[in-house]
Amino acid sequence: MKTVGALLTLLLAAGPAWAAKPSMPSDSAVPAAGHSAAGTAREENGPRADDPVRWEVAAMVDLFYDLRIAEGLAAAKKLEDRHPEHPAGPFFQGIAYYQRILVETPISTASVRAFEERMARAAKLAGRAPADAPAWREYYLGAAYGFQARVSSLRRDWVSAMRDARKAVGHVKKAVELDPDLEDAYLGLGMYHYFMARMPPTARPFAYLLMGLWGDREKGIAEMKRSAERGSVAVSEALAVLAFVDTIEGRGREADLGLERLMKRHPHNPAFRLWRATLLQRAGHWKEAAALADPGPWAGEVDPAARETSRAVGHYIAAEAFLMLRDASGAAAHLEALERLSVPERMRGWTALRRANLLDLQGRRADALAGYRALDGRLKPLARGFIAAPFPEGPKDLLRLRWPLNGLPSDDTQ
């Protein structure tokens, strides 16, 4: 089952999506031939006439890319009121609740259940769509099953995730076969081709048996770029996924340019800003990272559902950057701000580690040692490193942000 888990974690890192998500990538570098992630989004490419609802979707989709969750949810409900037999309304309501799952601290059971109910309704409506509109029927079935697979993977329910991911692959392939000009659908197909190609060689036959699709890096990138350049609804997500590809393939400058563009297009979405800040950190640009992450200038404009978590992440990145600059007062200000916030579960140990680092930097070695010795789990090896060599010597590891930063609630029913 570990192999299944690793496969689905990789495939669902981006996932089969046609709607925005605030996600943070791993920063592992795999050198490879470059490509341009920036692209030229041809926004004049409107939705096809065979699905007139897509014009309304195209008009509201930026609410989701901009992480204006409450506004997006309200718009999706109105869409369903106008078109009660179309899957788009419940599907985009499900996207709003999925975004809440990613950014809430803690994640509420209500958000998980609302997501599942909306996605199940979207799949049901898509399944009974008129026979004369088969392409967008497959499009929404693939999208709904893809997002259901993501949430199952968060639960580590690999059997359900594998089942729904396979369904998603089948439906998106069918959508493109039925309508090769369905440009937005190439994003999901491209992600599958690309991430399957990143599987270890020994796992690829097994992955093919699970998904029915062979990996192809070049084809996957070309398909994602096609959506970025010709799509109507998926342009921004395609640009984000291509920036993700640049990040994991070690092209930090190209990734930063793509994220800078996305920040300008979607100024209320903190994910692009915080992602850029982590890239600056890993390039050693500590002052620039701290300035970009500092939530003071921008957090007030973030959707209330995401504001607390975004502030916490921003303060943490800024504190970490100031510590690397050996600026004790700057780090202390941001760590003190974190004490007034609900720190996400997966940041709590790291926050305690950085507080101990600050004590070292302030010359309070005995207090720092007590802090290091209180750490456990995955941070234990780092703590031992700092016990042996006081900060700013010792390990140079940085927190890698992977959203959601909290686990699903314990009373969440599967």
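Where a number appears in this text, it was derived from the coordinates with a stated rule and is not lab data. Small disclaimer: the values here were computed from a predicted structure and weren't measured. Here the Cβ is made from the backbone with ideal geometry for all residues, glycine too, and neighbour counts use every protein chain on show.
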Q: With N denoting the number of residues in segment 105-205, provide Rg(C-alpha) divided by 2.2 N^0.38 Å, to two decimal places.
A: 1.17
Q) Which of the aspartates and glutamates could a cross-linker span from Lys380 if the Cα-Cα distance has to be under 16 Å and same-chain partners fewer than 8 positions apart are dropped? A) Asp397
Q. Using a Gaussian network for the chain with springs between C-alpha atoms less than 10 Å apart, which of these wobbles most: Pro404, Pro297, Pro106?
A. Pro297
Q: With an 8 Å cut-off on Cα pairs and a minimum separation of 6 or more residues, tell me the relative contact order of the chain in percent.
A: 20
Q. Under 22 Å Cα-Cα from Lys78, which lysines qualify once same-chain neighbours fewer than 8 residues away are excluded?
A. Lys21, Lys124
**Q.** Largest to smallest principal axis extent of the C-alpha atoms in segment 145-290, angstrom
**A.** 48, 33, 27
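Could you please report the charge total around Asp246, scoring K, R as +1 and D, E as -1 over all other residues with beta-carbon less than 9 angstrom from its beta-carbon?
-1
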Q: Kindly provide the pair-distance distribution of segment 139-178 built from C-alpha pairs, with 5 Å bins from 0 and whole-percent values in order of increasing distance.
A: 7, 33, 29, 16, 10, 4, 1
Q) Along the charge dipole of segment 221-279, which of Ala228, Pro270, Ala238 sits closest to the positive end, that is, farthest toward it, with unit charges on the beta carbon of Lys, Arg, Asp and Glu (+1, +1, -1, -1)? A) Pro270
Q: Report the normalised scattering of segment 104-149 as log10 I(q)/I(0) at q = 0.22, 0.26 Å⁻¹, calculated by the Debye formula with identical scatterers on the alpha carbons.
A: -0.72, -0.87
**Q.** For the chain, diffusion coefficient by Stokes-Einstein and Kirkwood Rh (Cα), 4 °C, 1.567 mPa s, µm²/s
**A.** 59
**Q.** Point-charge dipole on Cβ atoms (K/R +1, D/E -1) for the chain, about Cα centre, debye to 20
**A.** 1160
Q. Once the Cα gyration tensor of segment 269-406 is found, what semi-axes does its equivalent ellipsoid get, as square roots of 5 times the eigenvalues, in whole Å, sorted largest first?
A. 24, 15, 13
Q. Which translational diffusion coefficient, to the nearest whole µm²/s, is obtained for segment 338-414 from the Stokes-Einstein equation, given a Kirkwood hydrodynamic radius over C-alpha pairs, 4 °C and 1.567 mPa s?
A. 96
Q. Hey, any idea what the orientation-averaged projected area of the convex hull of segment 208-276's Cα atoms comes to, in nm²?
A. 5.6
Q | Normalised contact order of segment 333-414, rounded percent, pairs of Cα under 8 Å and 6 or more residues apart | A | 30
